[in-house]
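Participant: Got a structure here, written out as C-alpha cells. Questions coming.
None of the figures in this text is laboratory data; all of them are computed from the coordinates on show. These figures come from a predicted structure and were not determined experimentally. As a convention, Cβ positions derive from the backbone with ideal geometry for all residues, glycine included, and neighbour counts pool all protein chains shown.
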Amino acid sequence: MDVISVIRTKRDKGELSDAQIDWVVDAYTRGEVADEQMSALAMAILLNGMTAGEINRWTDAMIASGERMDFSGLPRPTADKHSTGGVGDKITLPLAPLVAACGVAVPQLSGRGLGHTGGTLDKLESIPGWRAQLSNDEMLAVLGDIGAVICAAGDGLAPADKKLYALRDVTGTVEAIPLIASSIMSKKIAEGTGALVLDVKVGTGAFMKDLADARELARTMVRLGGDHGVRTVALLTDMSTPLGLTAGNALEVRESVEVLAGGGPADVVELTLALAREMLAAAGMTDRDPADALANGSAMDVWRRMIAAQGGDPDAPLPVAREQHVVTAPSTGILTRLDAYDVGIAAWRLGAGRSRKEEPVQAGAGAELHAKPGDLVTAGRPLLTLHTDTPERFAYALESLESAFDIAPEGTAFTPTPIVVDR
Ligand code: URA
C-alpha cells in the first residue's frame, strides 16, 4: 500500500477501501506515514467527506490502534457523557456523581481545555491535591467503590486519535464531521461504556455554529455508537451564551458544588438533570429521579468521596485570582445577547485556558457573569467580573468583550433560546 494513492483517492472524491483505511491509520500511528501526508489526507477528508461505511471503518481502525477497557465485571450498568465542548460547560462535575448516586457507574474519561473551551481536568485540578492521572486499575477501583470517576484517558486508549487530533489542531482540519465523530467515538467505544449520552453543542461558543452541522455530527455519532453496541443518545444543546454564571477553572468548580448542594444557576441545573435522565434511561434505570439525589444530598456525598479518592480535599478553599476587574453595563435595558465565544476568549486570555498543550493554566482566572440574556441590566452596574493573577492580561481580555453583548431598551420583547434544542 502506498500513502500517495490513498491521498489521491480521497482528493479525487473516491471512497477509501477498508484495506486502505486500516493501513493508513496503522501506518500513521507507527510513524511510517509522515505528518505532512496525513495532514493532506485529513484536508481531503474535510473537503470531500466520507461515506458512513468509511467513517465506521476509520473509527474501527482508531480503536484497534490501542487497548480496550472492560467494565463488564462491575455490578452496576455503566453510562458516560461526552460534550463536544463549550464555554462554562462544567456539567460533568455535578453530573457524574449525580448519576452514580442513582445507581449507574460513570467512567468519565475527560480532557483538558484547548483554545476558548474549558477542560474538565483543568477545572478539577483547581481542587487542592486532586490528581487527574490514574492507572487503569486505580480507575476501576474508584469506579467500583464510589460509582463515579473523572480522570485523564490513559495513553493506551486510541493512540491513533491522540496523534491525529494534535495534527488536525495545527492544520486547520479539526472541523470535519467524519474526523470529529470518529475521534470522539473511538475513545468512547474503546473506553467500554455500555451507554453514552452525547451533548452536542450548537452556537457561537461551540465547534458547530450551525444547527444543520450539529445535527449531522450528532446523527453520525449516534449511528457509530449503535453500530458498535453502545446505546447512544444525543441532545443538541445551546452554546450561544455561556452555561451558568462562570467560565474558568476554580470558578466553575464553585458553581458545580452549588448545584450539588441543591442551588446553582437554573440553566446548569436544567441541563444536568436532562443529561442525567438520558444517562439513567440509556442504562436501563428509569425508576430513579435525579432531582431527588440533588435534593437529598446523596449526589454531594458521592462528589466528596470521588474527589477524596483522587487525593483532593473537598473542604479546602478554592484558589481565588489575585486581581479582579469589573465590567459595567453601558446602558440600562434588557441584555439580549452575551456571546459565548467572546466570553470564552476573555476567560482564556485571562489565563483560564492554554494555547499550547504544555502551558499551565491559572486556577483562579476566568469570567463571572452578573446577568444572563433576558435580564434587566442597569447602566453603571456590574455586568461581568474578570479574574486573573496577571493584571496585564485585563486589556487583552477586554478587547474580546468589545462587541460581546447587546442591550435593548427596557420593554423590548426577548425570546429565550431553550437549553435543549433537540434530541
Ligand atoms: N473532541 C475530540 O475528542 N475530537 C475531535 O475531533 C473534536 C473534539
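Participant: Quick one: Val149 ticks every box in (1) within 12 Å of the ligand (Cβ to nearest atom); (2) farther than 30 Å from Met43 by Cα except a single one, so which number is it?
Facilitator: Answer for Val149: the failing condition is (1).
Conditions (1) over 19 Å from Gly118 (Cβ atoms); (2) crowded, with 20+ Cβ neighbours inside 10 Å; (3) in contact (Cβ under 8 Å) with a residue 12 or more places away in the chain, marked per residue:
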| residue | (1), (2), (3) |
| --- | --- |
| Gly333 | yes, no, yes |
| Ala352 | no, yes, yes |
| Val361 | no, yes, yes |
| Pro391 | yes, no, yes |
| Leu398 | yes, no, yes |
| Phe405 | yes, yes, yes |
| Pro409 | yes, no, yes |
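Participant: If I ask for residues that are touching a residue at least 12 places away in the same chain (Cβ under 8 Å) and more than 8 Å from the ligand (Cβ to nearest atom), which ones from the range 158-175 would you list?
Facilitator: Hits for the range 158-175 are Ala158, Pro159, Ala160, Lys163, Leu164, Ala166, Leu167, Asp169, Thr171, Gly172, Thr173, Glu175.
Participant: Show me the strands (runs of 3 or more DSSP E) found entirely inside the range 142-259 where at least 1 residues are in contact with a Gly (Cβ under 6 Å, 6 or more places away or on another chain) and surrounded by 23 or more Cβ atoms within 10 Å (Cβ to Cβ). Working first, answer last.
Facilitator: On the way: elements: 148-152, 195-202, 231-238, 246-248.
Per the criteria, 195-202, 231-238, 246-248.
Participant: Within the range 10-31, take every residue that is buried (at least 18 other Cβ atoms within 10 Å of the Cβ) and of a type outside the set (A, V, I, L, M, F, W, C) and give me the one that is farthest from Asn48 (Cα to Cα).
Facilitator: Selected residue: Thr29.
Participant: Still on this structure: With the requirement that a residue be under 23 Å from the mean Cα position of the chain (by Cα) and of a type outside the set (Ser, Thr, Tyr), what does the range 71-86 give you?
Facilitator: Phe71, Pro77, Ala79, Asp80, Lys81, His82, Gly85, Gly86, listed by residue number.
Participant: What's the total number of residues in the range 117-141 that are assigned to a helix (DSSP H, G or I), within 30 Å of Met208 (Cβ to Cβ) and not aliphatic (A, V, I, L, M)?
Facilitator: 3
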